[in-house]
Each structure stands twice: as C-alpha cells, then as structure tokens.
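The values are calculated or read from the model by the stated rules, or taken from the named source; none is laboratory data. Please read all numbers here as calculations on a predicted model, not as lab measurements. We place every Cβ from the backbone using ideal geometry, glycine too, and count neighbours over all the protein chains shown.
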Amino acid sequence: MRSFSRPAMPLPETNFLPVRDNELPTERSLRITPAVRDGASPTLPTGRQWLARGPLVCLYGATIVLSAVAKRLQRPPRGPIRRVVATARFDSFNWFRAHAAPLAQCGLERAVFVADDARLSLPHIGLTAPPRWLSRLFGRAGAKLIWLLVAGARNGADLFVGYHIVPAALSALLAARLLGRRACYQMTGGPTELVGGGWQAENPVLSALGTASPMLERLALAVVRQFDLIVVRGAKAEGFLRSRGVVAPIVVIPGSIAPAEPSPARDIDLVFVGRLNEIKQPLQFVDLVSRVRVLQPNVRAVVVGDGPLGESAKTLARDLGVDRCIEFMGAVDDVAPLLGRSRVFALTSRSEGLSIALAEAMTAGAVPVVPDIGDLSALVADGQCGFLVRPADLDQQARRIHQLLRDHALWERMSKAAASAALNRCSISAVAARWRNALDEITQ
C-alpha cells in the first residue's frame, strides 16, 4: 500500500496567495462597469462583514470542542470501511457524477449522498434529502446535518464525507463524532477554502467576510486537524496543509470524468466553462478573446455557464467589439458535445483546485491553455498536453492560444496527449482505485 507522505519541510505557498493588484489588468483596460466595480471587496471590513465573522467563529469553535470531547470519550472506530455517507451541494449533475461515480466502483457495500433534493440518479448510489418540514424548522444547513445523522444511523455508516469546509465538511465531522465514526474532508475548492478564513471562496457564507481573517483561518485549520482523512486534488494542496501543521492522513484524489466522444468538426476555437462569478473571472476571458482576435480576427469563442457576472460579461464584449465573436450559451446540462467541438479550453480563474471542467475538456481533445494556479499543473504538463501561463497574463495566454490555432500539427499532437493524460488520471476506474487505497490505509 502507498503510504501518506508527511513532508519534513513546509512547502511554498505562493500559488495560494491572491494575485497582486499590479498583476491584474487595470479597470480601464477591462472597462469594468460600476456595478462590477462596486462588488469588489473593500480593504477594511464593513459592519455587515464583521457580523459575518461572529457566527463562523462560534461554529468553528463549537465544532472543535464537540469533536475533541466526543473523540476523547469514545473508543476509536475500528474495522474496514464498507459504508459511506457523504454530503455536498451539487451545482450540476456532472459535478455529482464526478464525485459519486468512483464511490460506486471502489468496493463499498453502500454509498449514500445527503443532498438538497433527491432527484439526481446514479447506479449503485443512494440519494436522500431532508423533508421540507425539517428544512423549514432548522434551515437548509441544520436540516442536512440532522438528516446526515439519520442517514448515517440507518445505513450503518463507517465514514462520513463532506465536500467543502462549510457547511458540508463541518456537518460530516459532527455526525461522525456523535455516532463514533470516522470523518473525511474533501477540500474540493483547494486552499482558497481556508486561506484568510475562506473570504475568496465561492461559498456565499465565506465570501461575505469581505476581507481576510487570520483568526478564522487558524480556526478553520484547527477544524481540519480533527478529520481522520483529508482528500485534496493535488500535491500543492497537500503541501499547503502540511505547511500549516496538518498531520492527519492526506490523499490526492481528483474528481472523475467519463470518456468523451470528440466531434470531427472542431468549429469552436476557444471555450470557457464555469460559473460566471468573481472566482472564475469571466470578464478576463472576454478581454482574452479580444486579445486573441487581434492575432486571429476570425476567432470563435463560446462561454458555457451562468452567474452574477453574466450580463457584465456581455456588456464588456460589446464594449470591446467582440460580441459577434463570443456566444454566451448559459447553463448547459450536457457540455460534452460542446467540448468535443472545441479546439482550445481556457480558464481565467483567480483560484482552482483541479477543475473537473478542465479534465472533461481534455478528455474531449480540447487543448488547455490555463493559468498555473492551484493544482492545474497536476493534469497539464506544460508544452506536452497544453500550456500553463502566468496567472492573469492575458497577453501570454493569447499568444499560446494563437500558436495552437495556427499550427494544426501542434494542436493535433497536444489534443491526443491531453485526452490520454486526463483519462489516465481522472477516469472513473482510476479514481475508484485511489479511493479504495485511501479507505484501506486509514483502517490499518
């Protein structure tokens, strides 16, 4: 069995710090609208942002105390892990399938997900949702915690898994300690969930902090240290946790992807897939297209996804004169056909773990040109199956995209390499094997 690594020396953290202001395109160059500018985080917290910190301090503190006391009073859990109960917020069926499908194939007797609704369906995966009356009484998060306890007791859970620190991982930890079971934290969003208390994460509760909070970061890391197993997307995320003194078993397990069928007609030059929010920075993608258009006037780009910056992105496209080059598709249930028609996949995110959209694009043969952030380098070998560029360096990114679009032989070679790399690392069977090894390891 592979043993979990514990680096003796802290690893550098530079990939997880916010990009400096002088590395970003200026407001003038992006022509940001007032509505977008007004949504930016202030330097000092407002009264509302101070109020957002209080409940988190109480929540983290109570979780740490309860977990520590329960762990001291109970016997350590023993025996193999055969039944898993997990909880998460599912933004799409693809996200659900990416994380649930490997659990169905890793030799478990039972895998059950507690979700907000039970309409999703996947073979060999149970799905249950709190009744509406429970949600009305205790709120969404409270109802899911109670239902997690119910599902764990009914199904004889050996392990509780929570995706993202708030609220799913906290709920999984509390349920595990109350029932005397093991707990696993899936750091799906990468270190952004913890740095500065998570103020730059996509989670609306954490992003309401407005500015970094070192105290909340320390509390969040103290919660992380309570888990029996931590799952991350790549070595950089593991290094971040080790550098913060986390000694619990950490294993690298990416999300899984299903094989894609490339289209013979690659009529989309450049594709973006993601939520149109601050983290994904869709306005930078629009600016990127305008820079590629200077090099290749007939470029065709597609944006897949919706979110609060959708209208601002369309406005910016008109301002930059690229509205006829970009098609905004909105949310799409099955993105695979679009990825199969795409030549290049681009991200402009401020932070990432290991993007499932990236892996899906690569398995469809779209060549990635993405910033070197988070653990994207775990999947993209620069110059072999795609290009890694400096974060927020849109000129470099545009040049790499143009290089691929004008050199068909280069694109074809990288396209095949991208599909092979994604399937080798992120196929359902490969991810299921990683899960089985991890579950066996923590029971020894």
Taking segment 64-77 only, how many residues are out of contact with any strand residue (DSSP E or B) (no Cβ under 9 Å at 6 or more places or on another chain) and in contact (Cβ under 8 Å) with a residue 24 or more places away in the chain?
7
Hey, residue 179 more than 30 Å from residue 78 (Cα to Cα) and in the same structural domain as residue 168 (by TED's automatic domain parsing) or not
no
Considering residues that are over 30 Å from residue 297 (Cβ atoms) and charged (D, E, K, R), the number found within segment 248-273 is 1
Some residue of segment 65-75 being at positive phi and either outside the structural domain of residue 354 (by TED's automatic domain parsing) or more than 24 Å from the chain's Cα centre (by Cα) (or both):
no
Among all residue pairs at least 6 apart or on different chains, which show Cβ distances below 6 Å where the first residue, located in segment 410-421, is in the same structural domain as residue 363 (by TED's automatic domain parsing) and the second is modelled with pLDDT of 95 or more and of a type in the set (Ser, Thr, Tyr)?
419/363
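Regarding residue 370, is this residue in the same structural domain as residue 419 (by TED's automatic domain parsing), surrounded by 20 or more Cβ atoms within 10 Å (Cβ to Cβ), in contact with a Gly (Cβ under 9 Å, 6 or more places away or on another chain) and not in a strand (DSSP E or B)? Lay out the reasoning, then the answer.
Values: in the same structural domain as residue 419 (by TED's automatic domain parsing): yes; surrounded by 20 or more Cβ atoms within 10 Å (Cβ to Cβ): yes; in contact with a Gly (Cβ under 9 Å, 6 or more places away or on another chain): yes; not in a strand (DSSP E or B): no.
Answer is no for this residue.
Residue 372 - would you say it is in contact with a helix residue (DSSP H, G or I) (Cβ under 6 Å, 6 or more places away or on another chain), charged (D, E, K, R) and modelled with pLDDT of 95 or more? Before the answer, list the steps.
Numbers: in contact with a helix residue (DSSP H, G or I) (Cβ under 6 Å, 6 or more places away or on another chain): no; charged (D, E, K, R): yes; modelled with pLDDT of 95 or more: yes.
Answer is no for this residue.
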